[in-house]
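Everything on this sheet refers to the single structure shown next.
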Amino acid sequence: MIDIAFKDFKAKKSRAAMCIIGVMACVLLIGVVNIVMYEMVSGLKGDLGTVNGKLYFEQNGTSFPPSGSIIDESIGNNVLNQSVVNTQTSTKALFAPLQGSVSDTGDSPTMVVGVTPGKEQAFIGNTTVNGKSSLVGESDNAVIIGSEAAKDYNVTLGSTFTVNDNKFKVVGIMKKVGTGWPLTIDNSMVMSLAYAQNVSDRPNLISTVIITPNGQYSAQEVENNLQSAYPKYDIYTEADTQKTIDKNLKGVMVFMNMVIVMIFAVSMVLIMNVMMMSVKEKTKDIGTMRAIGTKKRSIMLLIIYESLILSSIGGIIGILLISPIYNVLGIFMGATSFNFTMPPSVVLQVALIVLVIGTFSGLLPAYLANKISPIEALRYE
Amino acid sequence: MENLVNGNSLYKTYDLGGIQVNALRGLDINVDKGEFVSIMGPSGSGKSTLMNIIGCLDTPTEGDLFIDGKKTSSMTESELTKLRAEKIGFIFQTFNLLPALTVRDNVEFPMRNLSGNKKLDKSSRRKRAEQCLESVGLGHRMNYLPAKLSGGERQRVAIARALVNKPKFILADEPTGNLDSEATDNIMQLLHNVNQSGTTIIMVTHDIETTKNTRILKIKDGAIEDIKNRYMEPNTVPTPNSI
């Protein structure tokens, strides 16, 4: 019956075209929303990746990033001397928002991250750096800057820029790892701890100790050890960071999913309306088919196939257009190139949605078609 | 003679908003193989009801109907659907061709409804459809859509469609009702040819001229007056009084 459905579909070209355009628009919207969610999730996973395997020793009651935590530097030194701590890869650190801006856009403050020179890896991990990835041997005001911060301040490798009378020299630019969320690498400027304390006016103060466990200890053991040694302080772990990300993401994801459900419903109603009209017009034909011995099941399949054809064609065109449209939107929002390609998981999700839309939109019209009495249908004008 | 349609004391009552309407009142009907039977009667006499019951589109309220020896009142809906597909060919006044399908596809369509060992593959269906179209003189119109055909041509396609599953009998509901006189003559000639090649035909008609060389059954108020063997001589046009 699928060939009959296809011929029926071809016979009503203009109506089919309107329906396909509608489905295509809905699929485009669903696809773009899905991509935005995908980018948010994978971006935040990138953000999370920067704290993989590390622990943050910080003031009680502060969260992440620990810019609100104030600890005396001597305590940081004590923590670093604990046997559970890998002193080679752990470091005292100061996190402080950089007040003032010289960026063209005047965006939100960049996070100053002061670390012991040579221990930058404790914060930046395996992030790819264009230029120098270590501050050892560099001037006091040398910085390794995140990709978003570099854009905000419009700087390149080797640039010097000033913020609030503080001069910075860019020796390295980190590759984008996440969503540009203020808490992580993309919006940070890594510099020596001493210079960070000077810029932030926090002499002999730190925010945290970034800890890598000593080889033989697990993160949990280190956490338990340090927590019992320093009960008035908090140990912020990867799991805590995940909770923070989930909490921040939850509201957005719920909203996005609601948008998808609404678009989904609109698509179904659109196709269902078209199929109801089609069934109404075909009343006499359905009566004829039933009279000459066509089974109810075959007539149901005919309607559902036609519905699937409409949704599939609209869906395929929509899926093919998602990447180009997303790239164009990106250009309008400041991207510099067309380099987005749709992830297979999003294609699969959207294809599944199209299949569901096509099948279920045809169900009610198909059911109604089967309720038509052949005798009444044959009399239908 | 093999009996194809046998109806005994058929009653059909409709409930129209509390009012009982008796469309058939104890009607008896017998049609043997090879016959060409015309059913005539005024509007509201029960012709359509009788056609629907013989065509297994409807069931009698009382009485038994046997189609090719099988009692239809004990059949389920899917069994009746199967019976219609295999044993009955339909011709409608308004042709009822499927507009999106070509002439060939329209004629092929009923063969899709066959099942079991009667089921045919696509090439066999196509071949059979083409043969039926050739037999009605429309071999040259196979790829046309119905909208491109004249009324007479459409009815010929409908006849080909009715024949394609080699039915036991054809039910024709006013087959010439929408045709001019020339087309009417052509269609009636075709139906007689079909009948002479062995297919039984039961036809409802208002047009007395089309009943030539047929057994005429007059129906009135839900009952039938069987005029046996009133096959008219050639060139004699029956008049209402003669029936």
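The values are calculated or read from the model by the stated rules, or taken from the named source; none is laboratory data. Computed from a prediction, not measured in an experiment: that's the story for all the values here. Here the Cβ positions follow ideal geometry from the backbone for every residue, glycine too, while neighbour counts run over all protein chains shown.
When the residues of region A:5-53 are filtered to those that are within 30 Å of A:Ser218 (Cβ to Cβ) and among the aliphatic types (A, V, I, L, M), the one that is modelled with the lowest pLDDT is A:Leu48.
Residue count for region B:145-155 satisfying the condition of being part of a loop (DSSP other than H, G, I, E, B) and within 13 Å of chain A (Cβ to nearest Cβ): 1. Is it true that A:Gln220 is assigned to a helix (DSSP H, G or I), in contact with a Leu (Cβ under 7 Å, 6 or more places away or on another chain), modelled with pLDDT under 90 and surrounded by fewer than 19 Cβ atoms within 10 Å (Cβ to Cβ)? In short, no.
With respect to (1) under 23 Å from B:Gly152 (Cβ atoms); (2) at pLDDT below 90; (3) not in a loop (DSSP other than H, G, I, E, B), the lone exception for B:His192 is condition (2). Of everything in region B:86-105 that is part of a helix (DSSP H, G or I) and more than 10 Å from every other protein chain (Cβ to nearest Cβ), the residue that is farthest from B:Gln155 (Cα to Cα) is B:Arg104. Here B:Leu98, B:Leu120, B:Leu114 are screened, and the one residue that is aliphatic (A, V, I, L, M), surrounded by 20 or more Cβ atoms within 10 Å (Cβ to Cβ) and modelled with pLDDT under 95 is B:Leu98. For region A:1-90, the helices (runs of 4 or more DSSP H) that sit wholly inside it and include 1 or more residues that are small (Gly, Ala, Ser) and within 14 Å of another protein chain (Cβ to nearest Cβ) are A:2-11, A:13-49. Residue check: is A:Met300 within 18 Å of A:Lys371 (Cα to Cα), more than 13 Å from every other protein chain (Cβ to nearest Cβ) and more than 36 Å from the chain's Cα centre (by Cα)? Answer is yes for this residue.
Only one of the numbered conditions (1) more than 14 Å from chain A (Cβ to nearest Cβ); (2) under 30 Å from B:Asp185 (Cβ atoms) is not met by B:Asn117, and that is (2).
Out of B:Ile29, B:Ile67, B:Ile39, which single residue is in contact with a strand residue (DSSP E or B) (Cβ under 7 Å, 6 or more places away or on another chain) and within 14 Å of chain A (Cβ to nearest Cβ)? So the residue among B:Ile29, B:Ile67, B:Ile39 that is in contact with a strand residue (DSSP E or B) (Cβ under 7 Å, 6 or more places away or on another chain) and within 14 Å of chain A (Cβ to nearest Cβ) is B:Ile67. Taking region A:132-162, which residues are surrounded by fewer than 20 Cβ atoms within 10 Å (Cβ to Cβ) and touching a Ser or Thr at 6+ places or on another chain (Cβ under 7 Å)? If the condition is that a residue be surrounded by fewer than 20 Cβ atoms within 10 Å (Cβ to Cβ) and touching a Ser or Thr at 6+ places or on another chain (Cβ under 7 Å), then A:Asp140, A:Asn154 are the ones that fit. Just one residue in the set B:Ala183, B:Ala158, B:Ala162 is within 13 Å of another protein chain (Cβ to nearest Cβ), touching a Gly at 6+ places or on another chain (Cβ under 9 Å), assigned to a helix (DSSP H, G or I) and not aromatic (Phe, Trp, Tyr); that residue is B:Ala162.
Screening A:Ile322, A:Ile299, A:Ile331 for residues that are surrounded by 22 or more Cβ atoms within 10 Å (Cβ to Cβ) and assigned to a helix (DSSP H, G or I) leaves exactly one candidate, A:Ile322.
The conditions of being in a loop (DSSP other than H, G, I, E, B), of a type in the set (Ser, Thr, Tyr), modelled with pLDDT of 90 or more and under 21 Å from B:Pro99 (Cβ atoms) are not met by A:Thr288. If only residues of region A:269-284 that are assigned to a helix (DSSP H, G or I) and crowded, with 22+ Cβ neighbours inside 10 Å are counted, the one that is farthest from the other protein chains (Cβ to nearest Cβ) is A:Leu270. The numbered conditions (1) away from chain A (no Cβ under 12 Å); (2) among the β-branched types (Val, Ile, Thr); (3) within 25 Å of B:Leu190 (Cα to Cα) are all true for B:Thr72 except (3).
Among the residues in region A:245-258, are any in a loop (DSSP other than H, G, I, E, B) and loosely packed, with under 13 Cβ neighbours inside 10 Å? No, the conditions are met nowhere in region A:245-258.
Scanning region B:52-64 for residues that are at the interface with another protein chain (Cβ under 10 Å from one of its Cβ atoms) and touching a residue at least 12 places away in the same chain (Cβ under 8 Å) yields B:Gly55, B:Cys56, B:Leu57, B:Asp58. Selection of first residues in region A:352-379 that are within 14 Å of chain B (Cβ to nearest Cβ) and part of a helix (DSSP H, G or I) and of second residues that are among the basic types (Lys, Arg) and surrounded by fewer than 23 Cβ atoms within 10 Å (Cβ to Cβ), restricted to Cβ pairs under 8 Å at least 6 apart or on distinct chains, gives the following pairs, ordered by first then second residue: A:Asn370/A:Lys296; A:Ala377/A:Lys284; A:Leu378/A:Lys284.
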